[in-house]
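Contents: one structure, followed by commentary.
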Amino acid sequence: MSRQDRALRRWLSPKGLLLAGALYALASVLAQLLAGALGRPGDAALRASADLLVLLGLAFALLQTATRWDNRLVRYRWLSGVLGMAAIGLVRGIAGPAPAGAPLSVAVWAAAAALLLHCVGPYFTTALVARVVWASVAAQALAHLAWLADRPGLRPLTDGGELLALLCYGLGMLLARLSHLDQRAARHDRLQCWAAGAAVRPRVCFPYNAQIHQIWHSLPIAVALARRHPEIEVHVAGSRRNLAVARRLVRERAGDAPLRFDRLYHPLFVRLRHPSGAVGGKTLILWANRLYFSGFDAIVTPEHTSTHLRKFCPAHLQFIGTKHGAGDREAGFSPETALFDFLLLGGEKQAERLLELGYAAPGRYVTGIYAKLDWALQHEPKIRLFDNDRPTVLYNPHFDPSLSSWPLIGRRVLDHFARSTRYNLVFAPHIRLFDAPTRAKYAAFRDYCKLAHMRIDLGSERCVDMTYTLGADLYLGDVSSQVVEFLTRPRPCLFLNPRRLAWQDDPSFRFWHLGLVLEEVGELDAALERAVRIHPELARRQRDYLRDSLGLVEPGQSGARGADAIVAYLRQTGAGRLVDQETTGDR
């Protein structure tokens, strides 16, 4: 724990809070004495205390503006704090007589609140800052509703609400300062100092800002990085749910690791728009936590959306991509891949295609890394999914409506297996197809759920931990990269092509050559039989494809290989910056 964190914990301890309360009480007494000395004996004690808080808040915001003017990420934020406190002081009569009329005064207060939210908003990754400031807004709203009611008995509620709002605004600014998010963000030379041998710890973040399937693709690397390289400070960031999943996975699959878990702030708009827990507003969440992310030297992420941080964060921040699948779909080779500084790839198939497209460069990637297998294959014996001897088919449609078989024939596939007396069926679509898998969405499948030979799973952790891809006997799907994970043990595959796409020479459909391709769902039974029959002819092709997709590194080694590659890249980057600085200095 850093010195700053220890200081923050001391202030938030019972003794620290008691001391703060005592200081505030003393300040209130002094304020009331000051009010009497200034000839304002009729003023309520609450109003005198509030006036003092305005002055203290204004002075604190001015101090932070002056001391952080060189930090472009927050300089204008603290200036907003100055303006907000000055506006409150103006409307309270400190800088002159208060504006006539409650509505105008309430409007000025509202504008001041917006300025103060703008001031401390970037610090909301520290949950206590967000809670305290939103408490300020609530207290202010209550006070001014009482004011607008214009009833004499509500005057104490107005004064008390304003006092509480000011106290919380001031406390919010103090906690924002104690969080040290801005100081970490202002430090751009950690990699250079570390490369030069100084006792500085580079900071690396593994954010999980999407569905839980992406956690598996980089968390084993985070654990290996924290264990093998204690000189690196490793953080895991995400929503409450994603952090709970990450903590449990570390505990169950890896034991203990010196990781730090940080909850990302989710703006109210995002929470209101996605009350079911579905993932959404990813770019807005990144923007809301930009000061937090700016305090790192590298972001390691399995998805492209996080590269939007380039627009909000300092240029020194390095982006390292891990991918979250090893399939052939065109989206996995999109131009956004070029936004990463360094890539951790599966096999040579990915590297060759990205080099050909110009989205990767020699020396900027390493292959042989598919971290999910490190943990998913720890207990490889086949999982028994049903209490019968029927072969089990895994139907795994993709979420992309332009490519998925689900919108066109998905129900017909389920109906076929509902009538089947030969096969079990696990319906486990890509986790994004029914995100979030609410009770209402499951209700549409209740008839299938009653059947002993069918399992409907719209998005549990079993959809992503390879329970089904390891336990099924035959894969039935369209364009999901989960087929690669299914082929860690070669088995029959059947791909659905209801759109009659011309796929034979398209590199985005290379994996369709590993099984049978079906266009008419009415021929499903015969196609399943034939897929099983021709599998011996395709097994060698499947093994070759798996080697090209995942590389030759044994399961259990990807995390370590990825961690070492990250450290080597960061050290090279820091040394390069050091040379650039020395060259510039010589000039």
Between the stretch 128-144 and the stretch 351-376, how many Å separate their Cα centres?
48 Å
Computed Rg/Rh of the stretch 459-563, alpha carbon atoms with Kirkwood Rh:
0.99
On C-alpha positions alone, give me the angle between the axis of helix 219-228 and the longest principal axis of the chain, in degrees, nearest 10.
70 degrees
Per residue of the stretch 511-522, what does 6.51 cos²θ - 1.76 cosθ + 1.60 with θ = phi - 60° give for ³J(HN,Hα)? Whole Hz please, x for Gly and Pro, Karplus curve as stated.
6, 5, 7, 9, x, 9, 10, 10, 9, 10, 5, x
Semi-axes (Å, rounded, descending) of the ellipsoid equivalent to the stretch 263-367 per its C-alpha gyration tensor are 28, 17, 10
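Summing +1 for each Lys or Arg and -1 for each Asp or Glu, what net charge is found among the other residues whose Cβ lies under 11 Å from the Cβ of residue 527? Please report the intermediate quantities before stating the final value.
Values: positive: 530, 533; negative: 519, 520, 523, 525, 529.
Residues near residue 527 contribute -3 overall.
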For residue 365, list long-range residues whose amide hydrogen, built 1.01 Å from N in the peptide plane, is under 5 Å from its own amide hydrogen.
343
Which ³J(HN,Hα) values in Hz, rounded to whole numbers, follow from the phi angles of the stretch 525-532 under the Karplus curve 6.51 cos²θ - 1.76 cosθ + 1.60, where θ = phi - 60° and Gly and Pro get x?
4, 5, 5, 4, 4, 5, 4, 5
For the chain, what is the charge dipole size about the Cα centre, in debye to the nearest 20, if Lys and Arg each add +1 at the Cβ and Asp and Glu each add -1 at the Cβ?
1380 debye
Compute from the Cα atoms of the chain the Rg and the Dmax, the latter being the longest Cα-Cα distance, and quote both in angstrom.
29.3, 99
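If you take all C-alpha pairs in the stretch 437-489, what percent of them are over 18 Å apart? Please report the intermediate quantities before stating the final value.
Details: 561 of 1378 pairs.
Here the long-distance tail beyond 18 Å is 41 percent of all Cα pairs in the stretch 437-489.
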Run through every distinct alpha carbon pair of the stretch 221-304 and return the Kirkwood hydrodynamic radius in angstroms, one decimal place.
14.2 Å
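I'd like the Kirkwood hydrodynamic radius of the stretch 165-306, using the inverse of the mean 1/r over distinct C-alpha pairs, in Å. Spell out each step's value before the answer.
On the way: mean 1/r = 0.0607 Å⁻¹.
Over the stretch 165-306, the inverse of the mean reciprocal pair distance is 16.5 Å.
How do 498-506, 58-66 rank on mean C-beta neighbours within 10 Å, highest first? Write down the numbers at each step before the final one.
Details: 498-506: 12.2, 58-66: 17.7.
Ranking, from highest mean packing down: 58-66, 498-506.
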Using a cut-off of 10 Å between beta-carbons, work out the net charge of the residues near residue 560 (Lys and Arg +1, Asp and Glu -1, residue 560 not included).
+1
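Read-outs: derived from the displayed coordinates by stated rules, not from any lab. All figures in this text were calculated on a predicted structure; none of them were measured in a lab. Glycine also receives a Cβ, built like all others from the backbone with ideal geometry; neighbour counts cover every protein chain displayed.
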